[in-house]
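Only one structure is covered here, and it is reproduced in the block below.
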Ligand code: SF4
Ligand code: SF4
Ligand code: FES
């Protein structure tokens with residue numbers, strides 16, 4: 001009620017000003033006052049299992065847990081005295097019961113909370129013992145669990161529940177035999193890497209990293225994850241030109257499995273061959289078009305833009321272009337060049353609508369924040385999509401299935417339902433009132449009762465988020481859909497996030513003046529073309545992978561964040577080619593300070609970009625894009641007749657934690673690229689499990705083994721593209737397409753619409 005009201009408390013004699021709603025521990029940390037903790041993890045709700053954080057509050061009997069006690073105005077607090085010290089020392093003695101202090105063989109040695117606090121509280125011998133139990137180490141795939149080292153702080157369980165939402169880890173209670181169990185071992189969730197990251201001891205560790213290096217021998221290189229567009233904070237931990245592991249500032253930020261385990265994609269062994277370089281320069285000189293993938297930093301995008309301005313070629317990047325068009329139309333309603341939403345507000349929502357994205361696959365970090373809203377605020381989560389997703393069933397409170405292709409109708413129904421009482425400009429009100437709701441309902445297959453139920457989810461007055469994704473950007477009516485979505489930000493106060501496609505699509509869309517299609521002689525940058533520059537090492541000239549170069553990325557939170565060089569690279573970079581073509585920049589990062597200010601970038605040198613979280617978790621990573629005003633054109637078009645997608649349909653969608661040929665290269669993220677469909681899909685297509693089929697999308701040929709997934713329903717199959725190498729960048733159409741295929745096990749069954 002009074003949350004946010006200013007208060008003043010005294011801690012150890014220091015007057016601390018803060019706001020009501022914060023715990024004593026939070027206020028102490030804001031004021032650089034140290035209170036020891038063992039089970040506290042800032043990013044989850046207080047666990048309150050260790051008692052290390054005890055303090056005395058004047059006038060209150062006994063010891064108080066500072067991690068869960070909210071401070072009241074005027075409180076006088078003591079964080080340390082003889083009695084508190086002894087309490088903490090006793091706790092440490094208890095922790096050390098049967099926790100072998102043979103740290104030399106433990107993976108966590110050198111960065112272990114138990115080790116540190118054992119020394120801090122002067123526990124130099126094991127005072128108590130309990131009967132030894134035989135509890136073998138369990139290998140859970142990406143992570144391994146050693147029950148003998150577990151101090152039952154429950155941090156891992158909370159991360160698995162409150163943050164990543166895989167809900168794999170649980171506590172099995174039983175006194176001294178209490179243990180953590182993995183109830184979803186068969187899934188081998190890579191997201192459990194995040195649970196291992198928060199383990200204060202060596203109980204839950206990365207199976208791959210285990211026993212490979214001492215923590216103190218590794219150099220930490222701060223960077224940002226380039227995979228899904230989330231741009232999560234990370235460190236490459238490196239020794240002898242090899243990445244041993246990826247870690248993060250786990251107290252405040254998160255990494256999905258792709259960020260944590262998909263780090264070994266560098267272009268190794270590249271060398272400088274002047275003849276090849278000359279050919280590359282020549283290729284740019286004569287290029288009619290340049291096509292490039294999303295695995296391109298803001299600075300590289302600017303280099304390509306400058307070359308376009310100089311040579312006049314077409315500049316193409318399909319996903320970024322689709323996103324650019326969508327956002328340009330969106331801005332016509334809101335008058336701002338960026339969407340208004342952010343992840344923190346998303347995690348605090350009381351209701352979240354997901355529309356046009358298989359969010360668990362498309363953006364793990366966005367899914368995590370939706371999960372947080374669900375767990376912390378019991379948010380209603382409404383998932384609107386043509387396919388159900390079994391992986392997010394645990395948080396979805398309403399699934400609204402619409403017909404493939406009917407996104408414009410679905411968006412119109414949504415706007416109509418949610419803006420019923422909103423004050424709109426006359427023309428917009430007229431457009432919404434003129435909608436033929438019955439017809440749209442019938443065509444999209446969204447019932448009025450479903451929309452009524454959705455409206456009931458928004459009973460609270462505020463705290464609504466809307467997350468939209470790539471299904472909408474690639475839709476033939478993307479611009480109209482963008483405007484309908486934007487109405488909800490502008491007139492219904494939704495925290496809207498238009499999730500950028502994977503990689504740096506958002507940055508590219510802001511930096512480049514993109515064209516729709518290539519023509520003539522084409523140069524490709526991480527895209528297949530007449531002359532190909534490739535960071536996969538399979539093109540006409542080598543380029544550095546993202547972890548071999550400096551530059552910035554633009555994140556889903558509209559932040560420009562730095563990436564640093566983790567591994568050496570011996571070949572040429574795009575900047576070398578640009579210089580040979582008349583540009584003048586010693587380093588690629590010379591472009592950081594000249595990224596377009598009219599698109600919200602700031603004139604800041606790369607080396608001046610900050611990259612850390614402060615002690616209370618404020619993010620100092622690069623800078624936030626500045627919102628630019630754009631002129632509005634608040635008009636809607638008529639909703640077009642919906643195109644029907646009968647029969648079998650394929651949906652361009654990678655498996656969870658796969659995003660590109662670069663994650664595909666990862667040793668630890670091995671995944672098979674198969675066409676995954678339901679039994680119903682098999683029946684409609686007359687396919688059997690194991691059949692090999694061939695089909696084309698946007699001129700790219702696919703050859704897939706078909707596999708039945710019993711958790712799926714309906715006649716849409718998932719077609720991954722992460723294994724398609726540089727040809728994946730050529731895909732440009734709507735994410736759903738009708739399957740017209742040829743079976744290759746000798747029998748030609750023709751196309752499915754016969
Ligand atoms: S495995 Fe680690 S994080 Fe999980 S309860 Fe045990 S000590 Fe805590
Ligand atoms: S893939 Fe996305 S969610 Fe995962 S760590 Fe990278 S940026 Fe974050
Ligand atoms: S930190 Fe408060 S009980 Fe553990």
Legend entry - Peptides 421-433, 189-201 ordered by average Cβ neighbours within 10 Å, highest first: 189-201, 421-433
Inset, instruction - Give the calculated FRET efficiency between residue 733 and residue 220 to the nearest 0.05, with a Förster radius of 41 Å applied to their Cβ-Cβ distance. - result: 0.45
Legend entry - Projected label distance in nm at residue 187 and residue 455, using a 7 Å step from Cα toward the beta-carbon: 3.5 nm
Legend entry - Share antiparallel - DSSP beta bridges, the range 649-743, percent rounded to 5: 65 percent
Inset, instruction - Quick one: divide the alpha-carbon radius of gyration of the range 6-80 by 2.2 N^0.38 Å and tell me what you get. - result: 0.98
Inset, instruction - Compute the distance in nm between two label points, each set 7 Å from the Cα along the Cα-to-Cβ direction, one at residue 30 and one at residue 709. - result: 4.5 nm
Legend entry - Along each principal axis, Cα extent of the range 332-498, largest first, Å: 39, 30, 30
Inset, instruction - Would you please put 106-113, 558-565, 388-395 in order of how densely packed they are, using the mean number of other Cβ atoms within 10 angstrom per residue and starting with the highest? - result: 558-565, 106-113, 388-395
Inset, instruction - Work out the FRET efficiency for residue 10 and residue 626 from their Cβ-Cβ distance, taking R0 = 56 Å, and round it to the nearest 0.05. - result: 0.90
Inset, instruction - Distance from a point 7 Å along Cα→Cβ of residue 377 to each backbone N in the range 431-459: keep the residues under 19 Å and list them by number. - result: 454-459
Inset, instruction - Take the alpha carbon atoms of the range 447-594, find their radius of gyration, then divide it by 2.2 N^0.38 Å using N residues; give the quotient. - result: 1.42
Inset, instruction - For helix 407-418, report the angle its Cα long axis makes with the longest principal axis of the Cα atoms of the chain; keep it between 0 and 90° and round to the nearest 10°. - result: 50 degrees
Inset, instruction - Based on other C-beta atoms within 10 Å, arrange 105, 467, 157 from fewest to most. - result: 105, 157, 467
Legend entry - Crossing angle, helix 364-377 versus the chain [Cα axis fit, 0-90 degrees, rounded to tens]: 50 degrees
Inset, instruction - Round to the nearest 0.05 the FRET efficiency obtained for residue 688 and residue 519 when R0 = 45 Å and r is the Cβ-Cβ distance. - result: 0.60
Inset, instruction - Kindly put 292, 399 in sequence by how many other C-beta atoms sit within 10 Å of each C-beta, fewest to most. - result: 399, 292
Inset, instruction - Starting from the Cα-Cα distance between residue 584 and residue 19, subtract it from 0.36 nm times their residue separation and give me the gain in nm to one decimal. - result: 198.3 nm
Legend entry - For the chain, the spread of Cα positions along each principal axis, largest first, Å: 79, 66, 56
Legend entry - DSSP bridge orientation in the chain - percent antiparallel, rounded to nearest 5: 55 percent
Inset, instruction - Take the alpha carbon atoms of the range 489-510, find their center, do the same for the range 662-694, and report the distance between the two centers in whole angstrom. - result: 30 Å
Inset, instruction - Quick one: compute a quarter of the convex hull surface over the Cα atoms of the range 583-640 and quote it in nm². - result: 8.3 nm²
Inset, instruction - Take 683, 3, 118, 296 and order them by how many other Cβ atoms sit within 10 Å, fewest up front. - result: 3, 683, 118, 296
Inset, instruction - Kindly provide the pair-distance distribution of the range 649-743 built from C-alpha pairs, with 10 Å bins from 0 and whole-percent values in order of increasing distance. - result: 17, 51, 29, 3
Legend entry - Cα-based helix-to-principal-axis angle, 478-492 vs the chain, degrees rounded to 10: 40 degrees
Legend entry - Stretch gain in nm, segment residue 576-residue 239, where the contour uses 0.36 nm per residue and the Cα spacing is subtracted: 118.5 nm
Inset, instruction - Before rounding to the nearest 500, sum -39500 (n - 2.57) across all DSSP H runs of length at least 4 in the chain and divide by the residue total; then give [θ] at 222 nm in deg cm²/dmol. - result: -7000 deg cm²/dmol
Inset, instruction - Which order do the peptides 654-662, 727-735, 159-167, 592-600 take when ranked by the mean count of other beta-carbon atoms within 10 Å per residue, highest first? - result: 654-662, 159-167, 727-735, 592-600
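Here, each number is a calculation from the coordinates, and none is a lab measurement. Source: prediction; values computed, not measured. When we count neighbours, we look across all protein chains shown, and the Cβ atoms used for this are built from the backbone with ideal geometry, even at glycine.
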